[in-house]
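Since the structure comes first, as structure tokens, the remarks are kept for the end.
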């Protein structure tokens, strides 16, 4: 029996689902039950009746799923799947920001450590960030860790004072306006679709700004047939799968942390219980409030 067929068999035996982020390798997206961006996968993990969740993404995503559903067994596809923004942003920076601005509500990007989430009023994803900041009653918001997403939110929420952390996604932050302009010169008919984790100079070149999922949907629905996609190249798998006769060009954007999951890793999670996520109960309860507010505030009208 092939490993993929064995995975399907084990999923039925364990009442398991496989979740994969758009930045995962194509073969992992291909075996997943659900593929999406962080917000979509967070909701699926919470709403699913599965007993096992194999989360093929980076570690904070699996931890968030476990916090939202402590009764479920949650596994990270590969324990070395890390996010540099999470690793590099220090708790001490947020503590200092809170001391400097005691009247501000803290909104943390879901790309943050569990400890950062315990200090937050609400979490957000790139697709829900503007709605969440607008829906929080406080007029003063500390937004961490991503300074680029934070500056985008500030521009979209002019009635709020948004105080930024210093974090960044190295994959998005490293793309320059010059690189995007060069692609545009080579492919002048292309529309430029940009993730808000990009720097402002790149966002200013965009025909559309949105989360990974929003970029995908925009490309699918658009009457145009050629695009420059300014986000991680893994989304190319879904773009090719869900469109016909459309052409996509990418800057050099590869997230190493997202590319570490293998079919063998997923099999090990299901067969042997490898890479199970454990979160301290007290810490989990504190972080759960921010994640639950993420769901509530994103849907508030």
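Table for the structure above
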read-out: Helices (runs of 4 or more DSSP H) lying entirely in the range 223-301 (those with 2 or more residues that are in contact (Cβ under 8 Å) with a residue 12 or more places away in the chain, surrounded by 15 or more Cβ atoms within 10 Å (Cβ to Cβ) and under 16 Å from the mean Cα position of the chain (by Cα)); value: 235-242, 281-299
read-out: Index of the failed condition, residue 103 passing every other in (1) in a loop (DSSP other than H, G, I, E, B); (2) under 30 Å from residue 160 (Cα atoms); (3) under 14 Å from the mean Cα position of the chain (by Cα); value: (3)
read-out: Residues within the range 68-87 that are surrounded by fewer than 20 Cβ atoms within 10 Å (Cβ to Cβ), over 21 Å from residue 282 (Cα atoms) and in contact (Cβ under 8 Å) with a residue 60 or more places away in the chain, tallied; value: 4
read-out: Selected residue (only one of 126, 108 is closer than 20 Å to residue 152 by Cα, assigned by TED's automatic domain parsing to the domain that holds residue 294, at pLDDT 95 or above and in contact with a strand residue (DSSP E or B) (Cβ under 9 Å, 6 or more places away or on another chain)); value: 108
read-out: Yes/no for residue 197 being in a loop (DSSP other than H, G, I, E, B), surrounded by 21 or more Cβ atoms within 10 Å (Cβ to Cβ) and out of contact with any strand residue (DSSP E or B) (no Cβ under 8 Å at 6 or more places or on another chain); value: no
read-out: Qualifying position, being in contact with a strand residue (DSSP E or B) (Cβ under 8 Å, 6 or more places away or on another chain) and surrounded by fewer than 17 Cβ atoms within 10 Å (Cβ to Cβ), among 27, 59, 49, 93; value: 93
read-out: Enumerated strands (runs of 3 or more DSSP E) restricted to the range 33-100, each holding at least 1 residues that are under 23 Å from residue 132 (Cα atoms); value: 34-36
read-out: Checking residue 90 against (1) within 13 Å of the chain's Cα centre (by Cα); (2) without any contact (Cβ under 8 Å) to a residue 12 or more places away in the chain, the condition it does not meet; value: (1)
read-out: Options 202, 162, 192; residue that is closer than 30 Å to residue 91 by Cα, modelled with pLDDT of 95 or more, in a strand (DSSP E or B) and in contact with a strand residue (DSSP E or B) (Cβ under 7 Å, 6 or more places away or on another chain); value: 162
read-out: Test: residue in the range 210-221 that is touching a strand residue (DSSP E or B) at 6+ places or on another chain (Cβ under 8 Å), surrounded by fewer than 21 Cβ atoms within 10 Å (Cβ to Cβ) and within 16 Å of residue 148 (Cα to Cα); value: yes
read-out: Set 18, 28: member being under 19 Å from residue 264 (Cα atoms), modelled with pLDDT of 95 or more and assigned to a strand (DSSP E or B); value: 18
read-out: Complete set of residues in the range 135-191 that are under 17 Å from the mean Cα position of the chain (by Cα), without any contact (Cβ under 8 Å) to a residue 60 or more places away in the chain and under 24 Å from residue 119 (Cα atoms); value: 143, 144, 147, 148, 149, 150, 152, 153
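The values are calculated or read from the model by the stated rules, or taken from the named source; none is laboratory data. Keep in mind that what you see is a predicted model, and the values were worked out from it rather than measured. When we count neighbours, we look across all protein chains shown, and the Cβ atoms used for this are built from the backbone with ideal geometry, even at glycine.
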